[in-house]
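K.L.:
My questions all concern the structure below.
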């Protein structure tokens, strides 16, 4: 996450000039030493390489602490009659040497809602039996073990927006905001950082970590990403005590030292806000020849930039702030001049009462004077005994709502909503009081009416293309109030109605406009905008039914109607180019792809065969079982997808070690892929076209294919009930699978990745696979 990205994260930036103390005398820092750990890694006990013993031995040369956290669903299979958790824990204890190295054991629970590490437990649960987040929360409360939210984001899930479970907050104490097994240390992403903020605002008490999630034998040595751990000594007991106490920081630098205190309490502490109206922040930083570029103090209510520390590689800083209400947290964000990021654990200030209000949202997000404002929030009990009292809500010091609240032990009311009405222009403040003690507040700005209120129809099988969705965002960014239809298109208080006419897909019944809808839309007259969809028949039906409506052929034309002519850059189409990699020992040279080439060109694509992967501007990049990609090429592939391109990446079976699995998985790892290629061969004795390795699945031919391993939120495109996975090369590196998956896809950034166990585009296969190929390159893959 670079400086530009971080600037987007700062919702409120207040520039301060602060006092910097030249002497390095933060005496309380002497209480803790800083050790560097890697708390997320895998071995051959699941989908990684090597043994736990090898992992700890290797990591001991690069880090102070190493955790092995193999995937739970692989742990059911014993090794020589012994459980994998017991063997891993035994290896961890054996590797631990007081004052030199600490090995930790754990496992990674994986489900559609997200992945979670659990540490130091022989008991585990698998997604097969307990795949729901509620199941996990109930289990962690029962076993009372330490846990960590892993790599939160779109790819693997963010735990249903960090769905808050008050009692589980006692045990899930860590959150991974840095994750990456590539050589670059740029592993703290904007997305994971934003999710850290979201989790804190939901009420979780979490300390950030940065880990390598190793799947290769490079435990703790893949890059410089580390979890800083503040512990008294390098012992198992002290390290676990530090993790339980949330004394960590996430770092892209392997040796930076940072101590953060608030009112004398070290990072990770929870303090009583009723005892303090002021917070004194103390920061100690040391990293010789690695100076600070920017430092921010981030709190729930504000973000401050500390300018006077810029360019310093060692300093002690202090300053005081007013604590605005009964719930506030503070942490430190540092961007070093070389681009590395460091994020500390928070210190929390909370009211003495066990009742909390969090996840406070004002709607609409940017209200104007003509709009009614509501406030939504969760209210919950953090104690193991029932709590009762009176909740009062004040707006600008006037009471607008009161209610008697009674919550059982760890009880919670989600998404409570109060309508506050309309406001005058300016800043307004909502305060939450429980038994007359302030427990939370939020301020919001109300602007003059600016822009238009625009309603988008989504009820009639509307053709919502990617370009149109980006146009919607552009309209919102331009100050317009954009909403989507939830019921009939009738009686909305809006300035304009935009109707993307129906897609060619979908049911005709839902495409029809009701008579009441037509009547209201015709009253709106020229304020109704029709954007042409792919169903020509219904496009004409809508034009006939709404003769006064304005008609647009594209999203760019629509934006011009709102005076946003320059925004063609924002929603411009990617060039209609398909790039086919030929420079990395790939399967199938150009002369074996003549039918595929002809098909692409007939569809309107320009086909370019490339030997190096530079910065690409096009719609598709095809990588067929390549190897030897440089770090720069992998970076270019990631950026290609992030900006909206589609990567089609294929492997091959391990027959004669033919699949370049490791090289291809490196590309996928750089995108935190929820899918990886298996190092196996798929055979099918029932559904094949002449031999068991010529697999036929869902009318698609796969010649000597590998299977895919699914770990997170991926769309399975093709699977087989009759096929089996075998370790053809005899290297014992194939991962067992419950079901053979041969094709899958997932979203990344604005783009998509489509994985196939084997390329299906060669002249030998093309005609029989043409229907499936057409779906890929005409955007008809079901998502």
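Where a number appears in this text, it was derived from the coordinates with a stated rule and is not lab data. Nothing here was measured: the structure is a model prediction, and the numbers come from that model. We place every Cβ from the backbone using ideal geometry, glycine too, and count neighbours over all the protein chains shown.
K.L.:
So how do 40, 205 line up by other beta-carbon neighbours within 10 Å, fewest first?
P.N.:
205, 40
K.L.:
Can you compute the FRET efficiency between residue 237 and residue 31 using 1/(1 + (r/R0)^6), with r the Cβ-Cβ distance and R0 = 22 Å? Round to the nearest 0.05.
P.N.:
The computed FRET efficiency comes out at 0.85.
K.L.:
Going out from 0 in 10 Å bins, what whole percent of all Cα-Cα distances in the range 91-153 drops into each bin?
P.N.:
20, 47, 23, 10
K.L.:
Next up: Report Rg(Cα)/(2.2 N^0.38 Å) for the range 679-783, keeping two decimals.
P.N.:
Its radius of gyration relative to the 2.2 N^0.38 Å reference: 1.07.
K.L.:
Between residue 771 and residue 483, with labels modelled 7 Å along Cα→Cβ, what's the label distance in nm to one decimal, could you check?
P.N.:
4.4 nm
K.L.:
Show me the ranking of peptides 147-156, 117-126 by mean Cβ neighbours inside 10 Å, starting with the highest.
P.N.:
147-156, 117-126
K.L.:
If packing is taken as the mean number of other Cβ atoms within 10 Å per residue, what is the order of 748-756, 734-742, 513-521, highest first?
P.N.:
Packing order, densest peptide first, comes out as 748-756, 734-742, 513-521.
K.L.:
Okay, moving on. Please give the FRET efficiency for residue 318 paired with residue 100, using the beta carbon to beta carbon distance and R0 = 30 Å, rounded to the nearest 0.05.
P.N.:
In this case the efficiency is close to 0.30.
K.L.:
Could I ask something else about it? Assuming 0.36 nm per residue, please report the length gained on full extension of the stretch residue 516 to residue 763 beyond their Cα-Cα distance.
P.N.:
Gain in length upon complete extension: 83.4 nm.
K.L.:
Hey, another quick one. Among 163-171, 329-337, how do they line up by average Cβ neighbours within 10 Å per residue, starting with the highest?
P.N.:
Result, highest mean first: 329-337, 163-171.
K.L.:
Counting only C-alpha contacts under 8 Å and six or more residues apart, can you give the relative contact order of the range 33-246 as a whole percent?
P.N.:
Once divided by the residue count of the range 33-246, the mean separation gives 26 percent.
K.L.:
Something else about it: Using alpha carbon centroids, what distance separates the range 154-169 and the range 357-400, in Å?
P.N.:
Taking the Cα centre of the range 357-400 as reference, the centre of the range 154-169 is 21 Å away.
K.L.:
Something else about it: Once Rh for the range 453-561 is found with the Kirkwood sum over Cα pairs, what is the Stokes-Einstein diffusion coefficient at 4 °C and 1.567 mPa s, in µm²/s?
P.N.:
94 µm²/s
K.L.:
What order do you get for 90, 350 when you list them from fewest to most C-beta neighbours inside 10 Å?
P.N.:
Taking fewest neighbouring Cβ atoms as first place, the list is 90, 350.
K.L.:
Could you state the per residue volume, in Å³, of the convex hull enclosing the Cα atoms of the range 33-246?
P.N.:
105 Å³
K.L.:
With the cut-off at 1.5 for a/c, could you classify the chain from its C-alpha gyration tensor as rounded, prolate or oblate?
P.N.:
oblate
K.L.:
Provide the FRET efficiency to the nearest 0.05 for the residue 687-residue 366 pair, computing r from the beta carbons and using R0 = 45 Å.
P.N.:
That gives a FRET efficiency of 0.20.
K.L.:
Report the normalised scattering of the range 172-294 as log10 I(q)/I(0) at q = 0.12, 0.13, 0.18 Å⁻¹, calculated by the Debye formula with identical scatterers on the alpha carbons.
P.N.:
-0.51, -0.59, -1.13
K.L.:
With label points built 7 Å along Cα→Cβ from the Cα atoms of residue 399 and residue 76, find their separation and express it in nm.
P.N.:
That separation, rounded to one decimal, is 5.8 nm.
K.L.:
Got the relative contact order for the chain handy, in percent, Cα pairs under 8 Å and 6 or more residues apart?
P.N.:
8 percent
K.L.:
Next question, about the same structure. Compute the distance in nm between two label points, each set 7 Å from the Cα along the Cα-to-Cβ direction, one at residue 255 and one at residue 603.
P.N.:
Once both label points are built, they end up 5.2 nm from each other.
K.L.:
Compute the length gained on full extension between residue 509 and residue 643: take 0.36 nm times their separation in residues and subtract their Cα-Cα distance, giving the result in nm to one decimal.
P.N.:
44.6 nm
K.L.:
Using just the helices of the chain, give the 222 nm mean residue ellipticity in deg cm²/dmol: DSSP H runs with n ≥ 4 each add -39,500 (n - 2.57), and the total is spread over all residues, rounded to 500.
P.N.:
Per the formula, -5500 deg cm²/dmol.
K.L.:
In angstroms, what radius of gyration and Dmax does the range 353-416 have, counting Cα atoms only?
P.N.:
Rg, Dmax (Cα atoms, Å): 13.7, 44.
K.L.:
Follow-up question, since we're still on this one. In Å³ and rounded to a whole number, note down the convex hull volume per residue for the Cα atoms of the range 577-777.
P.N.:
Dividing the Cα hull volume of the range 577-777 by its residues yields 108 Å³.
K.L.:
If you take every DSSP beta bridge whose two residues both sit in the range 33-246, what share of them, in percent to the nearest 5, is antiparallel?
P.N.:
55 percent
K.L.:
Could I ask something else about it? Going by how many other beta carbons lie within 10 Å of each one, how would you line up 415, 276, fewest first?
P.N.:
415, 276
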